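So the structure is just underneath, and the comments pick up after that.
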Amino acid sequence: MRFETPFGPARVSVDANGAVTVFSFGGGDNGDAGGGFNPEVARQVDEFFAGKRQAFDFPLAPKGSEFQKRVWAELVRIPFGETISYGELARRIGNPAASRAVGRANATNPIAVIVPCHRVIGTNGKLTGYAGGIELKDKLLAWERSVLVGQAVSPVEFRK
């Protein structure tokens, strides 16, 4: 499934059961063999980027190690518009010394935005690492905050 978002084109892949396996910006093929269509996923993604939804409730099926899946499961618990540090994420999964491993798991998250790895920042509050680039991470966080205060900025502002 392909979408136009305030941040440019995006692509979502679902498996045979309708569970999301990939969300990526750019809309190009990233090597995932998934395809398919799930109307509920399409509706919720559209609502999210319209500023009418802050969380998703469709099934996810990311491919990764058990550790990665544990990290990704914790990411979906970070509230819309909020951020936590890699160290805090490591503490939340019960392994406070694993902030670097958590960072690597974040970097390999195949379901961007829906599994909101962009909400994880450095301990010092600085934006660090994002597969879509720091500029996109900054724009996603700023957009989420603008939605929270009811002053969603025009999508055009985020493409600049």
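The values are calculated or read from the model by the stated rules, or taken from the named source; none is laboratory data. In this text the structure is predicted, and so the values were computed from the model without any measurement. Reconstructed Cβ throughout: ideal geometry from the backbone, glycine too, with neighbour counts over all protein chains shown. The accessibility values were calculated without ligands, DNA or RNA, using every heavy atom of the protein model including side chains. Shrake-Rupley method; radii C 1.70, N 1.55, O 1.52, S 1.80 Å.
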| CD proxy at 222 nm, helix term only [per DSSP H run n ≥ 4: -39500 (n - 2.57); per residue of the chain; nearest 500] | -10500 deg cm²/dmol
| task | Pairs of Cα atoms under 8 Å, at least six residues apart: use those to get the relative contact order of the chain, whole percent. | result | 21
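So if I place +1 on the C-beta of Lys and Arg and -1 on the C-beta of Asp and Glu, and nothing else carries charge, what would the dipole magnitude of region 72-114 be about its Cα centre? I want it in debye, nearest 20.
Working: 5 positive and 3 negative charges, 29 e Å.
In total the dipole reaches around 140 debye.
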| said: Let me cross-check residue 70: its accessible surface, 1.4 Å probe, with only protein heavy atoms counted, in Å² to the nearest 10? | reply: 110
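Find the accessible area per residue for the chain; the probe is 1.4 Å, ligands and nucleic acids are left out, and the unit is Å².
Details: 8000 Å² over 160 residues.
Solvent-accessible surface per residue comes out at 50 Å².
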| query | Which label marks the calculated value of P(r) over Cα pairs in 10 Å bins from 0, in percent, given the options (1) 11, 35, 30, 13, 9, 2; (2) 11, 39, 34, 15, 1; (3) 11, 41, 37, 11, 0? | reply | (3)
| request: Please sort by residue number the trypsin sites (Lys or Arg not before Pro) in region 76-110 whose DSSP state is loop and whose Cβ has at most 12 other Cβ atoms within 10 Å. | output: 77
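If you add up the charges near residue 150, with Lys and Arg at +1 and Asp and Glu at -1, over every other residue whose beta carbon is less than 13 angstrom from its beta carbon, what do you get?
Details: positive: 52, 145; negative: 144.
After counting each charged neighbour, the total is +1.
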